[in-house]
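Participant: Attaching a single structure in structure tokens format; questions to follow.
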Amino acid sequence: MSLFGPGIGECIVVHVGGGDWIIVDSCIDRSSRGPIALKYLRSLGVNVESQVKLVVATHWHDDHIQGLAEILDAAKSARFVNSAAYALKDLMRLVVLGNAMPPTSSATREYDAIVKVLKERRDASERREAVGPIPALANKKILAQTVRTAACSLEVEIYALSPSDGVFNIAHHIAQHELSDAFSAIQHGRRPVVQGPNQLSVVLWLKVGALDVLLGADLEHVAGATEGWRAIVHSRERPSGKASCFKVPHHGSRNADCPESWTELLSAKPIAMLTPHAPSGLPKDADIARLCARTPFVYLTGDPARYGRPRRDNAVEKTLREVTLSRRAVSGRMGHVRLRADAIDSGQEPLVELGNGAQQLCA
Amino acid sequence: MIPSTSYQDAILRPGSSDIGVLFAARQEDLQKFLYRRLAKPVPSGTNYITQALFEGQEPRAPEDVLVRLPSLRQSKWKVTVLQKWVGRVEEVQADRFSAALVDATNSRNPIEQVEFDMREVSESDRSLLAVGATFYWSIGYRHTPGGQVERISSLRFARLPRLSELDVTRMFAEADQLAAFLERD
């Protein structure tokens, strides 16, 4: 499993056995100007067209979906998974409103392009079940397969753990509120900016043989048990087991931290990995300290404090100094945390590899 | 090259494809001008109105009326652009605002978060300054007809089209149709 993060955006690529892969969210690699997932898989010799089985959009925020349409277009065998909390009709309306306000946001542009890919496949008489959008809802199994090799067989199951029923029930009202805001913005000649709450995110549970992995998306922690992390913790229908690997939600922010999730969903001292969100300064020092108090194995794809500012023409640099009050780069190298673990023999120590500025915290 | 030209009640961008401009007929609505996208960019120096009609951009409602704008002439001022960004406003305070800047000159450069003094925004653009607003920032040199060279920084906010309820209703109908198609099993 690989986690990529360039300071704004994240992408997860997972080998689920037997040469099959899934891609969760997407971000752009600046050097190749394309989605990092495609660059990485092609560098491994993976046939993206036939070997990628799922493409998941956890939620429609700019920092999670850049390049997702290009991925889906290339991954001809993949089904597209989307949060059930986004009713297609509402989402499409938001997209057309956003498209009326160029330059469009990444989220709007990507979804518009994804819809075109899906429509092409549906026009070719493919069924929704084979193409998507597959609506992800708490405790819904979105992939199940048995991988057989000469030596053994491997059971693979992927579940959505969110959005919860509680969020699903109020999602239409959330969408109506967003549409109302978007319409109001347009009436005033402004581009719509609201992109929906993190509670609509799709959290995933991956069971690959002996391994359990929890991908936390951007889901937040709230006091009630009908939404957020507590809805997952208190669910009786979620898959059993404890995960030994955790993609920490929402860049390690305090408002996404649910203490119960560490005791109820995760094994002792799990491998925790996360991406920074440089514009908001996440994770903060306090977030890192809190994570390190829970497990010594915390990995971050990059440190935004080390992102270098580009050097430009002297006249441009001089004007920048004169005109701006402050200035900092919020995207940098495409940090890469890669976890390799044996899905058959759970006694084998997992191997964590760090690339392009990724680092272990709590050392 | 002719630079973007500001008129009292319109902005023209020769060489761009989105310069179609129509004005409401009523005097009190003069500020609510509309942009229309043309089939292809209007060549620099052509008569704007003639071109707009030639491309089939007829007024769509009886109350719309075309305002005849002066033909553009080649400017004697030359501008050399060294650097361009597209910015998106993230936060607005009383005396400053912050924005994310995407480098439009070199897309390999990182996104930068920058804070500007409010005084960098011209009075005519102040009403457009809001979270989510898009602006274009250029740095370069201006060469005057007299041979002088000035370093310039130009920050212009995008003027977005205002949609009528009829426009929105039509767009929603298309969106609903597509959603229904994709939702079918």
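The values are calculated or read from the model by the stated rules, or taken from the named source; none is laboratory data. As the structure is a prediction and not an experimental result, all values here were calculated from the model. Cβ atoms come from the backbone with ideal geometry, glycine included; neighbour counts cover every protein chain shown.
Participant: Looking at (1) within 20 Å of the chain's Cα centre (by Cα); (2) at pLDDT 95 or above, which is the one condition that is false for A:VAL167?
Facilitator: Unmet condition: (2).
Participant: Residue check: is B:GLN83 within 7 Å of chain A (Cβ to nearest Cβ), without any contact (Cβ under 8 Å) to a residue 40 or more places away in the chain, outside any loop (DSSP other than H, G, I, E, B) and closer than 20 Å to A:ALA329 by Cβ?
Facilitator: Considered against the rule, which asks whether it is within 7 Å of chain A (Cβ to nearest Cβ), without any contact (Cβ under 8 Å) to a residue 40 or more places away in the chain, outside any loop (DSSP other than H, G, I, E, B) and closer than 20 Å to A:ALA329 by Cβ, B:GLN83 comes out as no.
Participant: Ok, one more. Within the set of pairs 6+ apart or on separate chains, which have a first residue in the stretch A:127-145 that is within 14 Å of chain B (Cβ to nearest Cβ), a second that is among the polar types (S, T, N, Q) and crowded, with 20+ Cβ neighbours inside 10 Å, and C-beta atoms under 6 Å apart?
Facilitator: Close Cβ pairs satisfying both conditions: A:PRO133/A:ASN82.
Participant: Can I ask one more? Is it fair to say B:SER124 is within 26 Å of A:GLU317 (Cα to Cα) and either surrounded by 16 or more Cβ atoms within 10 Å (Cβ to Cβ) or in the same structural domain as B:ALA99 (by TED's automatic domain parsing) (or both)?
Facilitator: Judged against the criteria, B:SER124 is not a match.
Participant: While we're here: Any residue in the stretch A:152-166 that is within 14 Å of chain B (Cβ to nearest Cβ), within 27 Å of A:CYS245 (Cβ to Cβ) and in contact with a Leu (Cβ under 9 Å, 6 or more places away or on another chain)?
Facilitator: Scanning the stretch A:152-166, I find no residue that is within 14 Å of chain B (Cβ to nearest Cβ), within 27 Å of A:CYS245 (Cβ to Cβ) and in contact with a Leu (Cβ under 9 Å, 6 or more places away or on another chain), so the answer is no.
Participant: Which of the residues belonging to the stretch B:111-146 are of a type in the set (Gly, Ala, Ser) and either closer than 20 Å to A:GLY9 by Cα or outside any loop (DSSP other than H, G, I, E, B) (or both)?
Facilitator: B:SER124, B:SER127, B:GLY132, B:SER138, B:GLY140
Participant: Shifting gears a bit: Looking only at the stretch A:312-331, filter to residues that are aliphatic (A, V, I, L, M) and at the interface with chain B (Cβ under 7 Å from one of its Cβ atoms); which one of those is surrounded by the most Cβ atoms within 10 Å (Cβ to Cβ)?
Facilitator: Only one residue fits best here, namely A:VAL330.
Participant: Grab the strands (runs of 3 or more DSSP E) fully contained in the stretch A:247-341, keeping just those with 1 or more residues being more than 30 Å from B:VAL81 (Cβ to Cβ).
Facilitator: A:266-274, A:298-300, A:335-340
Participant: Which of the numbered conditions does A:LEU200 fail, given that it passes all the others? Conditions: (1) among the hydrophobic types (A, V, I, L, M, F, W, C); (2) away from every other protein chain (no Cβ under 14 Å); (3) more than 22 Å from B:GLU90 (Cβ to Cβ); (4) buried (at least 19 other Cβ atoms within 10 Å of the Cβ).
Facilitator: (3)
Participant: Related question: Name every residue in the stretch A:1-41 that is in contact with a Phe, Trp or Tyr (Cβ under 7 Å, 6 or more places away or on another chain), within 26 Å of A:GLY209 (Cα to Cα) and β-branched (Val, Ile, Thr), in order of residue number.
Facilitator: Hits for the stretch A:1-41 are A:VAL13, A:VAL14.
Participant: Right, here's the next one. Could we say that B:LEU178 is more than 7 Å from chain A (Cβ to nearest Cβ) and either hydrophobic (A, V, I, L, M, F, W, C) or closer than 25 Å to B:LEU101 by Cα (or both) here?
Facilitator: no
Participant: Follow-up. From A:SER346, A:SER244, which residue is out of contact with any helix residue (DSSP H, G or I) (no Cβ under 6 Å at 6 or more places or on another chain), assigned to a strand (DSSP E or B) and closer than 21 Å to A:VAL16 by Cβ?
Facilitator: Just a single option satisfies the conditions, and that option is A:SER244.
Participant: Sticking with this one: Quick check on the stretch A:211-222. Is at least one of its residues in a loop (DSSP other than H, G, I, E, B), on the phi > 0 side of the Ramachandran plot and more than 21 Å from the chain's Cα centre (by Cα)?
Facilitator: No - not one qualifying residue is present in the stretch A:211-222.
Participant: Cβ contacts < 8 Å: first residue touching a residue at least 12 places away in the same chain (Cβ under 8 Å), restricted to the stretch A:219-230; second residue among the acidic types (Asp, Glu), any location; separation 6+ or different chain. Result?
Facilitator: Qualifying pairs under 8 Å: A:HIS221/A:ASP257; A:THR226/A:ASP165; A:GLY228/A:GLU220; A:TRP229/A:GLU220; A:TRP229/A:GLU260; A:ARG230/A:GLU260.
Participant: In addition: Test A:ALA225 against the stated conditions and say whether it is among the aliphatic types (A, V, I, L, M), over 17 Å from A:LEU339 (Cβ atoms) and surrounded by fewer than 24 Cβ atoms within 10 Å (Cβ to Cβ).
Facilitator: Yes: the conditions hold for A:ALA225.
Participant: Can you tell me how many residues within the stretch B:160-185 are loosely packed, with under 15 Cβ neighbours inside 10 Å and part of a loop (DSSP other than H, G, I, E, B)?
Facilitator: Counting residues in the stretch B:160-185 that are loosely packed, with under 15 Cβ neighbours inside 10 Å and part of a loop (DSSP other than H, G, I, E, B) gives 3.
Participant: A follow-up question, please. Name the residue that is farthest from the chain's Cα centre (by Cα), counting only residues in the stretch B:91-110 that are in a strand (DSSP E or B) and at the interface with another protein chain (Cβ under 9 Å from one of its Cβ atoms).
Facilitator: Within the stretch B:91-110, the match that is farthest from the chain's Cα centre (by Cα) is B:ARG96.
Participant: May I ask you to list the residues in the stretch A:332-363 that are loosely packed, with under 14 Cβ neighbours inside 10 Å, in contact with a Lys or Arg (Cβ under 8 Å, 6 or more places away or on another chain) and of a type outside the set (D, E, K, R)?
Facilitator: Residue satisfying the conditions is A:LEU351 alone.
Participant: Could you check the stretch A:33-121 for helices (runs of 4 or more DSSP H) lying wholly inside it with 3 or more residues that are within 30 Å of A:GLY166 (Cα to Cα) and facing chain B (nearest Cβ under 10 Å)?
Facilitator: A:88-99
Participant: All but one of (1) within 14 Å of chain B (Cβ to nearest Cβ); (2) at pLDDT 95 or above hold for A:ARG309; state the number of the condition that does not hold.
Facilitator: Answer for A:ARG309: the failing condition is (2).
Participant: Out of the residues in the stretch A:343-363 meeting the condition of being without any contact (Cβ under 8 Å) to a residue 24 or more places away in the chain and charged (D, E, K, R), tell me which one is farthest from A:VAL13 (Cα to Cα).
Facilitator: A:GLU349
Participant: Could I ask something else about it? I'd like to know if the stretch A:244-253 contains one or more residues that are more than 30 Å from A:TYR159 (Cβ to Cβ) and surrounded by 19 or more Cβ atoms within 10 Å (Cβ to Cβ).
Facilitator: no
Participant: Continuing with this model, one more query. Please go through the stretch B:150-185 and give me each residue that is without any contact (Cβ under 8 Å) to a residue 12 or more places away in the chain and of a type in the set (Phe, Trp, Tyr), ordered by number.
Facilitator: Residues satisfying the conditions are B:PHE172, B:PHE181.
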